[in-house]
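First up is the structure itself, then whatever we jot down about it.
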Amino acid sequence: MTLKSSGQLSQAYDAAIYDLDGVCYRGNEPIDHAGEAITAAVDSGQKAVYLTNNAARTPASIGEHLRSLDIPAQDSEVYTAAMAGAELATEHIPAGSKVLVIGGEGLVWALEQRGFTVVNSADDDPAAVVQGFHPTVGWQVMSEGALAINKGAVFIATNLDASLPQERGFMLGNGALVKAIEHATGVVPFATGKPLPKVFQQAAESISAVTPIAVGDRLNTDIRGAVAAGLDSLHVLTGVNDARDVALAVPEERPTYLAKNLLGLNEEHAAPSVTGNRAELGGEWAEVTDGTLSASNALNGASMDLYRCVVAACWIALDEGADRDSLFTQLAELQVN
Ligand SMILES: [Mg+2]
């Protein structure tokens, strides 16, 4: 992937598939410009769908949270990994089957929506065990799940995130808890959720999007999934991955467009022009020669144009075998103004 040029993204794509944490909000805190940028995009006619690996909450609860931050979200525009997990269950077990839930209200809601009967014990002979993160999940219900799987129930995971970023650091994600049951039973689950491309397609279909763009902060979920689904993507610097991470991204995790925040959705984007190892845009330039990065201006306080040049030059260099660790060190100061 290389950076592309485009007119206003909110005009060029009929829908935006938004990630939540790090894009629309940060934990319980709002993110600068998110509400105004999404409102402007929606007012200009772009559809929205909010795609999250969070299986704990219902679309109604997520919709309410977004609206409290002045983001004009409808509950029907939220697509969760729990919904993807329930969809996956319909492919493996008969309609109306009993399902044992290792998770919370978001997952129970999604399964009941699809007509499944939720049970709590392996003794109820569930046809499937569906696991999605909820902070109350513990040994007892996980053991019920293992018992049911050992008796032949299909094992389904809403997503496989190893970790869950929280204020104090990375806590256990659904994938880590799934691994415990996999370890105990020897059964590998059927799984969905980001970064698998199918959930991006399902989210797009849920709002009848034809040419959606994915918007995210994490390279290894949002952007990787978009690339795998064949979708263009916008990376924003308001969440987990910073400008240096973007410059060092592997080809499968490279976004199509770069922005500081969601205001970039309503802007035109110009890609650097590339000659050999040199990328130029708007009077700025960057190049990597014999492993050494040079640029038109200081990396600390870089303009968006310089940021795009640095990213383009680093991607070219990495593809030609430049030393990643050396570039990592040279990019220490990269900070977008
Ligand atoms: Mg995120």
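Nothing in this text is a laboratory measurement; each read-out follows from the coordinates by a stated rule. The structure displayed is predicted, hence computed values, not measured ones. When we count neighbours, we look across all protein chains shown, and the Cβ atoms used for this are built from the backbone with ideal geometry, even at glycine.
Things worth noting here:
Residues checked against (1) crowded, with 17+ Cβ neighbours inside 10 Å; (2) farther than 15 Å from residue 50 by Cβ; (3) touching a residue at least 40 places away in the same chain (Cβ under 8 Å):
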{"position": "204", "(1), (2), (3)": "yes, no, yes"}
{"position": "211", "(1), (2), (3)": "no, yes, yes"}
{"position": "221", "(1), (2), (3)": "yes, no, yes"}
{"position": "254", "(1), (2), (3)": "yes, yes, yes"}
{"position": "257", "(1), (2), (3)": "yes, yes, yes"}
{"position": "275", "(1), (2), (3)": "no, yes, no"}
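- Of all residues in segment 155-175, those satisfying the criterion of being in contact (Cβ under 8 Å) with a residue 60 or more places away in the chain and in contact with a Ser or Thr (Cβ under 9 Å, 6 or more places away or on another chain) are 156, 157, 158, 159, 161, 174.
- Restricting segment 92-139 to residues that are free of Cβ contacts under 8 Å to residues at least 12 places away in the same chain and not in a loop (DSSP other than H, G, I, E, B), the residue that is farthest from residue 180 (Cα to Cα): 112
- Breaking point among (1) buried (at least 19 other Cβ atoms within 10 Å of the Cβ); (2) without any contact (Cβ under 8 Å) to a residue 24 or more places away in the chain; (3) more than 15 Å from residue 86 (Cα to Cα), for residue 178: (2)
- Residues satisfying the stated conditions in segment 11-33, i.e. within 12 Å of the ligand (Cβ to nearest atom) and either within 13 Å of residue 72 (Cα to Cα) or assigned to a loop (DSSP other than H, G, I, E, B) (or both): 18, 19, 20, 22, 23, 24, 27, 31
- Elements of type strands (runs of 3 or more DSSP E) in segment 215-328, at least 2 residues being in contact with a Phe, Trp or Tyr (Cβ under 8 Å, 6 or more places away or on another chain) and within 16 Å of the ligand (Cβ to nearest atom): 232-236
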